[in-house]
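Report on one structure; see the data block that follows.
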Amino acid sequence: MRLVQFCHRGGEGGVRVGVEQAGGQGVIDLKAFDPSMPSTMREFLEMGEKGMDCAKRALSSGQHVVVQMDVRLLSPVTGPEKVVCVGMNYKDHCLEQNAPIPKEPIIFSKFPSTITGPYDDIILPAESQEVDWEVELAFVIGRKGKHIKEEEALSYVAGFTVANDVSARDWQMKRNGKQWLLGKTFDTFCPLGPALVTTSALKDVHNLGIRCLVNGAVVQDSNTNQMIFQTEKLIAWVSQFVTLCPGDVFLTGTPPGVGVFRNPPVYLKRGDVVECQIDEIGSIRNTVV
């Protein structure tokens, strides 16, 4: 299934959770199908199997369809408790910066306020002159867990989506004591979408083409098979430290081709259009303003 969070283009009805029909025909409004369904993805995921079963029934029914042109897609998840990020998690990205392959996952975070929609603008902050792109595979936690075993980890995943871990390199690498948080956490620095694709709908999430284009030119082009620590390992690792909750977002790292390691470095400017794509999941497209 492809789960989405959306609102009607006219604005009536507020935020809704929906299921995309095959071929992009439209979105089935879950609350219209079953009034007991919540309005946000986080609340929907907190329902567990009951919510997923309702989504399957709604998809089979073909009822309460909102046509695509009347849908404004939002980030699949808004207001998560956590946005967990992984640094240096692609072999080819380590090679481009002559960095050793990490022995254990490098974890940092973005504030949830960074999250923005799949087609919303990225706002260039006046405080940074070095804003960069990072296409990433993201996943969202579907049920609560602590000390999760690697072999059970995928059962804790609600689905996968596309992220852009927008990064202010001056703040990440030179300021703030070289702690990464501030450089990663300006408003709008985490576009997500377009849909939350359930694990069963993907053939092999760790063998998908992953790309980033800036103004139509390909700047990153790799495959998720380059990931050093895969989804199961990341869940097992992070859940040693914190309880994972429905709606928590993980960004799993970026492949090579980021602007900072180009010669000379290239950074985003007003008017640029950044498109992040992952095969079988979809693409997000954000204009820099």
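The values are calculated or read from the model by the stated rules, or taken from the named source; none is laboratory data. Here the structure is a predicted model, which is why all the values come from computation and not from measurement. Every residue, glycine as well, gets a Cβ built from its backbone with ideal geometry; the counts of neighbours run over all protein chains shown. Areas reflect the complete protein model, heavy atoms only, side chains present, ligands, DNA and RNA absent. Shrake-Rupley method; radii C 1.70, N 1.55, O 1.52, S 1.80 Å.
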> Of the conditions (1) of a type outside the set (Asp, Glu); (2) in a helix (DSSP H, G or I); (3) crowded, with 20+ Cβ neighbours inside 10 Å, GLY193 fails just one. Which one is it?
Replying inline: (2)
>> Cβ contacts < 9 Å: first residue under 28 Å from GLN5 (Cα atoms), restricted to region 111-131; second residue open to solvent by 30 Å² or more (accessible area, probe 1.4 Å) and polar (S, T, N, Q), any location; separation 6+ or different chain. Result?
In response: PRO112/THR78; ILE115/THR78; GLY117/THR78; PRO118/SER283; TYR119/THR287; ASP120/THR287; ASP121/THR287; ILE122/THR287
>> For region 86-105, check the following and say yes or no: at least one residue is under 22 Å from ASP272 (Cβ atoms), in contact with a strand residue (DSSP E or B) (Cβ under 9 Å, 6 or more places away or on another chain) and at pLDDT 95 or above.
In response: no
>> I'm checking my understanding of the structure. Among residues of region 196-213 that are open to solvent by 20 Å² or more (accessible area, probe 1.4 Å) and aliphatic (A, V, I, L, M), which one is nearest to ARG262 (Cα to Cα)?
In response: LEU213
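Conditions tested, residue by residue: (1) over 14 Å from ALA153 (Cα atoms); (2) of a type in the set (S, T, N, Q); (3) outside the structural domain of GLN21 (by the TED database); (4) in contact (Cβ under 8 Å) with a residue 24 or more places away in the chain.
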site	(1), (2), (3), (4)
VAL197	yes, no, yes, yes
GLU232	no, no, yes, yes
GLN240	no, yes, yes, yes
PRO246	no, no, yes, yes
VAL249	yes, no, yes, yes
> Can you pull out the residues in region 145-178 that are within 30 Å of VAL131 (Cα to Cα), basic (Lys, Arg) and touching a residue at least 60 places away in the same chain (Cβ under 8 Å)?
Replying inline: ARG169
>> Take residues that are farther than 21 Å from PRO265 by Cβ and tell me which of the helices (runs of 4 or more DSSP H) falling wholly in region 36-135 contain 2 or more.
In response: 41-46, 49-61
>> Take the residues in region 43-73 that are at positive phi and surrounded by 13 or more Cβ atoms within 10 Å (Cβ to Cβ); name whichever of them is nearest to the chain's Cα centre (by Cα).
In response: GLY48
> Between a first residue in region 94-105 that is over 19 Å from PHE261 (Cα atoms) and a second residue that is open to solvent by less than 30 Å² (accessible area, probe 1.4 Å) and aliphatic (A, V, I, L, M), which pairs have beta carbons less than 7 Å apart while being 6 or more apart in sequence or on different chains?
Replying inline: PRO105/VAL86; PRO105/LEU234
> Tally time: how many residues in region 193-225 are under 25 Å from VAL27 (Cβ atoms) and among the hydroxyl-bearing types (Ser, Thr, Tyr)?
Replying inline: 3
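Every residue, every condition in (1) in a helix (DSSP H, G or I); (2) open to solvent by 50 Å² or more (accessible area, probe 1.4 Å), yes or no:
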site	(1), (2)
TRP237	yes, yes
PHE241	no, yes
GLU275	no, no
GLU280	no, yes
> Would you pick out the residues in region 83-118 that are surrounded by fewer than 19 Cβ atoms within 10 Å (Cβ to Cβ) and charged (D, E, K, R)?
Replying inline: LYS91, ASP92, GLU96, LYS103, GLU104
>> For region 23-35, which positions are in a strand (DSSP E or B) and either hydrophobic (A, V, I, L, M, F, W, C) or open to solvent by 30 Å² or more (accessible area, probe 1.4 Å) (or both)?
In response: VAL27, ILE28
> Of GLY271, GLY247, GLY259, which residue is more than 22 Å from GLY79 (Cβ to Cβ) and open to solvent by less than 30 Å² (accessible area, probe 1.4 Å)?
Replying inline: GLY259
